[in-house]
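Visitor: Before I ask anything, let me first share the structure, which is written out below as C-alpha cells.
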Amino acid sequence: LKEKASMAESMINRRLILQRRPKGLATWEEVVLRDEPVAQLQDGQVLIRNHYLSIDPAIRDWMSDRPSYLPPIPLGSVVRSTTVGEISASRHPNFVPGELVVGLNGWEDYSIAEGDQVGKVRLEPGDAEQYYLSIFGAVGLTPYFGLLAVGKPLPGETVLVSAAAGAVGSLVGQIAKIKGCRAVGLAGTDEKCRWIVEELGFDAAINYRTSPDLVAAIGDACPNGVDIYFDNVGGAVLDATLLNLAKDARIVFCGAISTYNSETPVPGPYNLWQILARSATLEGYLVSDYLDRFPEGIEQMRKWVSSGQIHFKEQIIDGLENTLDAFNLLFEGRNEGKLLIRLAV
Ligand SMILES: NC(=O)c1ccc[n+]([C@@H]2O[C@H](COP(=O)([O-])OP(=O)(O)OC[C@H]3O[C@@H](n4cnc5c(N)ncnc54)[C@H](OP(=O)(O)O)[C@@H]3O)[C@@H](O)[C@H]2O)c1
C-alpha cells in the first residue's frame, strides 16, 4: 500500500482548474489546464484513475458564486464533476485497486476522494461503466424521481417537458408515455423535434426557437392544458407554459439552463400568478434528495432499457483537453444526448 501511495506522489495529474469566475460562456481564460503532482493519500482516502468525466449544465452554476445547493467551486480548485474511474491506490478498508467507482470528483486524470464519499460501480451483463454517469446516474434518475415522485403523473394527463431532446428531457417524455400520459416536448431544432416524436414516441413537439407565439403553440399541442411541466430551462419558456396550466398542475422545477450563463440578475417569471389561478404547485427538485432510492431507480431504468421501452443517447468525446469545448455545446444546444469525456479506459 505504501509503495502505491508513494508511486502516486510521483505521478503527474492533468487538471482543469477554475482560475476566475466566468462571465457568460466559460473560456480557457477562466478554466486552465495544469499539470500538478498527485497529492499524498491520507488514511480513509482512495486514488482514482478517472475513466469518464461527466459534462453537466449544473457545473456552470457551481462555477459562479451565487448561492446554490453546493458551495461555489473555490477559485484555484479543480472543476467539480461526477466521474467514473478505477481505484489505483486505497487507504480505505472497503476498496482495493482495480475496483470501479463513481463519485463527485473533478475534471482531472486522477482524483483523490474520501472512501466514504464514493460508490462502487456494479456492472451486470450489458452494462457499460459510463452508464453510471448517464442512464444509471443523474441523467436517468433525475427524470425517474422528478417525474414519478414529484410530478406524480396519472394516466391521460399531459406532460410537457423542455430541453426535450436532451439527456434528461428525452427520458422524461419516454417515462411519461410508459405511465400512460400524453408527452409533449419543447426543443430547439426541427430535427430534434422529429427525433423525439418519430423515434422516441412523444405525441407532439414544439420548436421553441421558431414558434412565433409560444403561448399559442403550447396551447395547440396541449388542448386540455398542461398537467405536469417538467422544466429544464426556466425563462421565457416557463412563462409561456404558466399561461397554459391545467387546474391542479404540477411544475417540476428541475433546471433553468436558459439562465446559467446570465451576466445580470434574471427577472421573472412574470406569470407566477397562474400558480394561484390554477391551484398549481411549483416544486424545486434535486435528484440528490433521492440518494437512498437510487438502487430502485437504477433497477427500473435497467429493465426499461433492456426491454426497449427506453432509448438514450451518449455523446462521448475523447481527451481532457476537449472538456471545456464539450461543456459549451450544452449551452448552444449542440450536444446529442448525455455528454461524457473519455480519458484512459
Ligand atoms: N435538479 C436536478 O437534480 C438535476 C439533475 C440533472 C440535470 N438537471 C438539469 O436538467 C437540465 C437538462 O440537463 P441535461 O444534462 O439533460 O442537458 P441536455 O438537456 O442534454 O442539454 C442541454 C440542452 O438545453 C437546451 N438549451 C441550452 N440553452 C438553452 C436556452 N438558453 N434556452 C432553452 N434551452 C436551452 C439545449 O437544447 P435545445 O436545442 O432544445 O435548446 C441543450 O441541448 C438542466 O437544466 C440541468 O441543470 C437537474
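Visitor: Quick check on my link table: of Lys177/Lys338; Lys192/Lys303; Lys23/Lys179, which ones sit more than 31 Å apart, alpha carbon to alpha carbon?
Guide: Too far apart for the 31 Å limit: Lys23/Lys179.
Visitor: Separate question: Near the amide H of Met11, under 5 Å away, which other amide H atoms are found, from residues 5 or more places off or on another chain, if H is placed in the peptide plane?
Guide: When sequence neighbours closer than 5 places are left aside, the close amide H contacts are Val38.
Visitor: For the chain, what % of the accessible area comes from carbon and sulfur atoms, probe 1.4 Å?
Guide: That fraction is 51 percent.
Visitor: Shifting gears a bit: Would you mind checking which residues have amide H under 5 Å from Glu314's amide H? H placed 1.01 Å from N; only 5 or more apart, or other chain.
Guide: Under 5 Å from the amide H of Glu314 lie the amide H atoms of Lys338, each far enough along the sequence or on another chain.
Visitor: Quick one: putting +1 on the C-beta of Lys and Arg, -1 on the C-beta of Asp and Glu, what dipole do you get for the stretch 220-345 around its Cα centre, in Debye to the nearest 20?
Guide: With only Lys, Arg, Asp and Glu charged at Cβ, the dipole is about 320 debye.
Visitor: How large is the accessible surface per residue of the stretch 17-116, computed with a 1.4 Å probe and reported in Å² as a whole number? Mind showing how you got there, number by number?
Guide: Working: 4220 Å² over 100 residues.
Ligands and nucleic acids excluded, the result is 42 Å² per residue.
Visitor: OK, next. Two decimals, Cα atoms only, Kirkwood Rh: what is Rg/Rh over the chain? Each step should come with its number before you reach the end.
Guide: Working: Rg = 20.8 Å, Rh = 21.0 Å.
Radius of gyration relative to Kirkwood radius: 0.99.
Visitor: Please turn the phi angles of the stretch 118-134 into ³J(HN,Hα) values with the Karplus equation 6.51 cos²θ - 1.76 cosθ + 1.60 (θ = phi - 60°), one per residue in order, whole Hz, x for glycine and proline.
Guide: 10, x, 7, 8, 9, 9, 9, x, x, 7, 10, 4, 6, 4, 6, 9, 10
Visitor: Please list the non-local residues whose amide H lies under 5 Å from the amide H of Gly106, H modeled 1.01 Å from N, same-chain partners needing a gap of 5 or more.
Guide: Ser81
Visitor: Taking the Cα centroid of the stretch 299-344 and of the stretch 282-296, what is the distance between the two, rounded to the nearest whole Å?
Guide: 21 Å
Visitor: What is the local net charge at Trp107, summed over the other residues whose Cβ is closer than 10 Å to its Cβ (Lys, Arg +1; Asp, Glu -1)?
Guide: Working: positive: Arg14, Arg15, Arg80; negative: Glu108, Asp109.
Result for the local shell: +1.
The values are calculated or read from the model by the stated rules, or taken from the named source; none is laboratory data. Small disclaimer: the values here were computed from a predicted structure and weren't measured. Using ideal geometry, Cβ is built from the backbone for each residue, glycine included, and neighbour counts are taken over all protein chains shown. Accessible surface is based on the protein model in full, side chains and every heavy atom, while ligands, DNA and RNA are left aside. Shrake-Rupley method; radii C 1.70, N 1.55, O 1.52, S 1.80 Å.
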